[in-house]
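These notes concern the structure reproduced below.
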Amino acid sequence: MTVAIFDLDETLLDGQCTSLWASHMADLGWVDRDSFVDREQALMAGYRNGTQSLQDYLAFSLAPLVGRTAEEIAFVVEPFVEDVIEPLLHSAAMRCLATHRSTGVRVLLIGTLPAFLVEGIAARLGIADALGIELEERHGCYSGQPLHADAHAALVTAVNSWLEETGEILDHAYVYCAAQDTLWLLDQAAHPHAVNPAPALQEQAEQHGWPILEWR
């Protein structure tokens with residue numbers, strides 16, 4: 001079976017899911033809006049332009065989860081996805097997703113963000129397969145740390161493990177991504193697509209002759 005792999009931020013979604021989640025946590029009263037959201041946006045901008053590490057971003061953005069259970073988080077993720085995320089899904093992305101499904105292509109949703117967010121969005125879209133950053137739990141509660149110190153490398157490993165376990169191969173895959181940190185995936189795919197690409201990825205796409213899609 002052929003697989004279509006969709007990244008989430010700026011690909012399916014018009015925006016950054018973790019930034020939207022940060023604002024939602026402020027709505028819930030879990031964080032102070034003025035101090036937390038501004039800092040989160042600065043760290044996210046730094047991560048996207050390569051001046052801030054993913055580890056630094058996660059250390060800050062996951063802190064409000066300390067002491068909270070997975071069940072507590074799941075309880076608020078479902079309405080968050082319905083009320084905040086769903087209106088921001090690109091209609092062109094949804095049409096592409098529907099086309100792949102109608103022809104029997106298996107879909108995998110990925111994101112460099114907490115797995116509970118990727119999985120919550122996937123569930124809303126009826127996508128069975130989803131991979132994100134797994135979080136560490138201690139004594140039944142989130143610790144505020146990713147399960148693996150190098151979260152991006154762990155996600156790469158998880159995607160490769162999923163491909164091996166399911167028998168899917170990138171030699172036949174369609175891949176849709178927007179961020180430079182997905183270059184490893186686009187490089188290996190039979191049908192890579194740079195979607196709303198950041199400048200660095202757009203340059204790579206132009207050099208390789210990959211299709212560039214504007215999903216707005």
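The values are calculated or read from the model by the stated rules, or taken from the named source; none is laboratory data. Computed from a predicted model, the values in this text were never measured in an experiment. Every residue, glycine among them, receives a Cβ derived from its backbone with ideal geometry; neighbour counts consider all protein chains shown. Ligands, DNA and RNA are excluded from the accessible area calculation, which covers all protein heavy atoms including side chains. Shrake-Rupley method; radii C 1.70, N 1.55, O 1.52, S 1.80 Å.
Tabulated results
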item	result
Enumeration of residues in segment 123-149 that are open to solvent by 80 Å² or more (accessible area, probe 1.4 Å) and either of a type in the set (Lys, Arg) or outside any strand (DSSP E or B) (or both)	Arg124, Ala128, Glu134, Arg138, His139, Leu147, His148, Ala149
Members of segment 46-72 that are touching a strand residue (DSSP E or B) at 6+ places or on another chain (Cβ under 6 Å) and on the phi > 0 side of the Ramachandran plot	Gly67
Members of segment 150-179 that are assigned to a helix (DSSP H, G or I), touching a residue at least 60 places away in the same chain (Cβ under 8 Å) and open to solvent by 70 Å² or more (accessible area, probe 1.4 Å)	His172
Positions within segment 53-86 being under 18 Å from the mean Cα position of the chain (by Cα) and not in a helix (DSSP H, G or I), in sequence order	Ser53, Leu62
Any hit, segment 183-193, residues being touching a residue at least 24 places away in the same chain (Cβ under 8 Å) and either assigned to a loop (DSSP other than H, G, I, E, B) or farther than 18 Å from Val107 by Cα (or both)	yes
Of all residues making up segment 195-213, the number that are of a type outside the set (A, V, I, L, M, F, W, C) and in contact (Cβ under 8 Å) with a residue 40 or more places away in the chain	1
